[in-house]
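**Q** Sharing a structure, written as structure tokens. Questions coming.
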Amino acid sequence: MEQFTVIGDKLVVKAPAKINLSLLIAGKRDDGFHEIESVMAKVDLYDELLLERSDTEGILLVCKGKYRVPATKDNLVYKAAELICNLTDIKPNIKITITKNIPVAAGLGGGSSDAASTMLGLNKFLNLGLTDQKLHELAAKLGSDINFFLGSPLAFCSGRGEKIKKIDKIFPFRAILIFPDITVYTKKVYENYKHNEELYRRLNRRIMQMINENNIDLLTRMCANMLAESCYQLHPELLSLKSRVETLAAGTVGLSGSGSTLYCLLSDQDDVERYQAIVKNDVGCDSTIVNSNRW
Ligand code: ATP
């Protein structure tokens, strides 16, 4: 499965979801943002963007698919398209159709991924020849997680999330993503977060060592997420869901980003269908099986 498909004079771009294999908070910065350190991995659950020329001037957005986001100027796809089009003298007449398959505000980075794919896609579609560096500059302006989605499938992200260091090790995995029907607001999770410097230092030491030794497998088994406590405080029902899943799971259950998606890495021996049925019937949650993304 490739990221770009040309269909006649249209371009289809895939926008993958991510999970945070680890997420540490290094502290709060003077500008109010938190300094994070996260190992992020793309997975093969995709939104799809269809880029085509339209008859009307400007950027026209259409949203369809399983999940809904407003087709307005607030949409990150619109903002990304505007940033790119503003670099050229050409008045855009572009239609972008987003098919949302990634749950929204679920810790899976769907909005950021859509924005990154819009940039990559328009660069191709309009033959702009923008360099990686330029795209990264624009991405950092627009949001925190967008830079990750411009690059490799596995990376160590720091700063607000915009500083990316590729992890060369190939770490193929299969995971179950569990979608509790709980809306978590990232902003509230950060506001409720209480920093624990001692914990950060301890986790940072262990995780940096694992990254340096390319021991991503062990890192994932820690499921370190320093936002989890704040998220579970705000949503105790999510913590009890996680505990129930843990009694069923073969491995540790992690929280992606600020929630609410829970994930568990699966081994080849796991009976995936049975597992999904149990999650649906006993825990009452939808789930999907994903693989690590190749690009
Ligand atoms: P993160 O893990 O990066 O915090 P998330 O997965 O929790 O992200 P998103 O699905 O990216 O959350 O959505 C975050 C917010 O961005 C939502 O409030 C949503 O309304 C807004 N948004 C704007 N454009 C989009 C888009 N194209 N897709 C999804 N959300 C979008």
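The values are calculated or read from the model by the stated rules, or taken from the named source; none is laboratory data. Note that the structure is predicted; figures quoted are calculated from it, not measured. Glycine gets a Cβ as well: all are built from the backbone with ideal geometry, and neighbour counts include every protein chain shown. When the accessible area is computed, the model is the full protein with side chains, heavy atoms only, and any ligands, DNA or RNA have been set aside. Shrake-Rupley method; radii C 1.70, N 1.55, O 1.52, S 1.80 Å.
**Q** When the chain is modelled as a GNM with alpha-carbon springs shorter than 10 Å, which of K64, K141, K91 fluctuates the most?
**A** The residue that fluctuates most here is K91.
**Q** Sort 158-166, 224-232 for me by packing, meaning the mean count of neighbouring Cβ atoms within 10 Å per residue, highest on top.
**A** The packing order, highest mean first, is 224-232, 158-166.
**Q** Next question. Jot down the per residue volume, in cubic angstrom and as a whole number, of the convex hull over the alpha-carbon atoms of region 207-273. Display every interim value, and only then the final one.
**A** Details: hull volume 6.2 nm³, N = 67.
In region 207-273, the Cα convex hull volume per residue is 92 Å³.
**Q** Among N147, G107, T118, which residue has its Cα positioned farthest towards the positive end of the charge dipole of region 4-166, with +1 placed on the Cβ of Lys and Arg, -1 on the Cβ of Asp and Glu, and the dipole taken about the Cα centre?
**A** Checked the options; the winner is G107.
**Q** Continuing with this model, one more query. Note down the nm distance, to one decimal, between modelled labels 7 Å out along Cα→Cβ at L199 and at N215.
**A** Spacing of the two 7 Å Cα→Cβ label points: 2.2 nm.
**Q** Based solely on C-alpha atoms, express the radius of gyration and the Dmax of region 174-291 in angstrom.
**A** 14.9, 41
**Q** In percent, what relative contact order does region 174-291 have, based on Cα pairs under 8 Å that are 6 or more apart in sequence?
**A** 44
**Q** Under the rule of -39500 (n - 2.57) per DSSP H run of 4 or more residues, summed and divided by the residues of the chain, what mean residue ellipticity at 222 nm is obtained, to the nearest 500 deg cm²/dmol? Please list the in-between numbers first.
**A** Numbers: 10 runs with 98 residues, N = 295.
Helix contribution divided over all residues of the chain: -9500 deg cm²/dmol.
**Q** On to the next question. Nearest 5 is fine: what % of DSSP beta bridges in region 5-122 come out antiparallel, could you say? Let's see the in-between values first.
**A** Details: 25 of 33 bridges.
Given both bridge residues lie in region 5-122, the antiparallel proportion sits at roughly 75 percent.
**Q** When only alpha-carbon atoms are used, what values of Rg and Dmax, in angstrom, describe the chain?
**A** Calculated on Cα positions, Rg and Dmax stand at 19.1, 58 Å.
**Q** Relative to the present Cα-Cα distance, how much length would full extension add between S267 and R29 at 0.36 nm per residue of separation?
**A** Working: separation 238, 0.36 × 238 = 85.68 nm, distance 3.91 nm.
Full extension from S267 to R29 adds 81.8 nm.
**Q** Which three lengths, in whole Å and largest first, does region 11-53 cover when its Cα atoms are put on their principal axes?
**A** 43, 25, 9
**Q** Round to the nearest 0.05 the FRET efficiency obtained for I90 and K169 when R0 = 45 Å and r is the Cβ-Cβ distance.
**A** Numbers: r = 42 Å, r/R0 = 0.93.
After rounding to 0.05, the efficiency reads 0.60.
**Q** Moving to a separate point now. How large, in percent, is the carbon and sulfur part of the accessible surface of the chain at a probe radius of 1.4 Å? Intermediate values should be presented prior to the final figure.
**A** Working: 6880 of 14290 Å².
Of all accessible area on the chain, carbon and sulfur atoms account for 48 percent.
**Q** OK, next. Pulled fully out, how much extra length does the chain show between T252 and R68, if you take 0.36 nm times their separation in residues and subtract their Cα-Cα distance? Numbers along the way, then the final one.
**A** Details: separation 184, 0.36 × 184 = 66.24 nm, distance 3.07 nm.
Roughly 63.2 nm would be gained on extension.
**Q** Give the peptides 101-109, 175-183, 199-207 in descending order of average Cβ contacts within 10 Å, highest first.
**A** Working: 101-109: 22.0, 175-183: 18.9, 199-207: 15.2.
Taking the mean over residues of other Cβ atoms within 10 Å, the ranking is 101-109, 175-183, 199-207.
**Q** Give me the one-decimal nm value for the distance between modelled label points at K134 and E57, 7 Å along each residue's Cα-to-Cβ direction.
**A** 2.3
**Q** Can you pull a Stokes-Einstein diffusion coefficient for region 4-166 at 25 °C (0.890 mPa s), Rh from Kirkwood over Cα pairs, as a whole number of µm²/s?
**A** On the way: Rh = 16.0 Å.
The estimated diffusion coefficient comes to 153 µm²/s.
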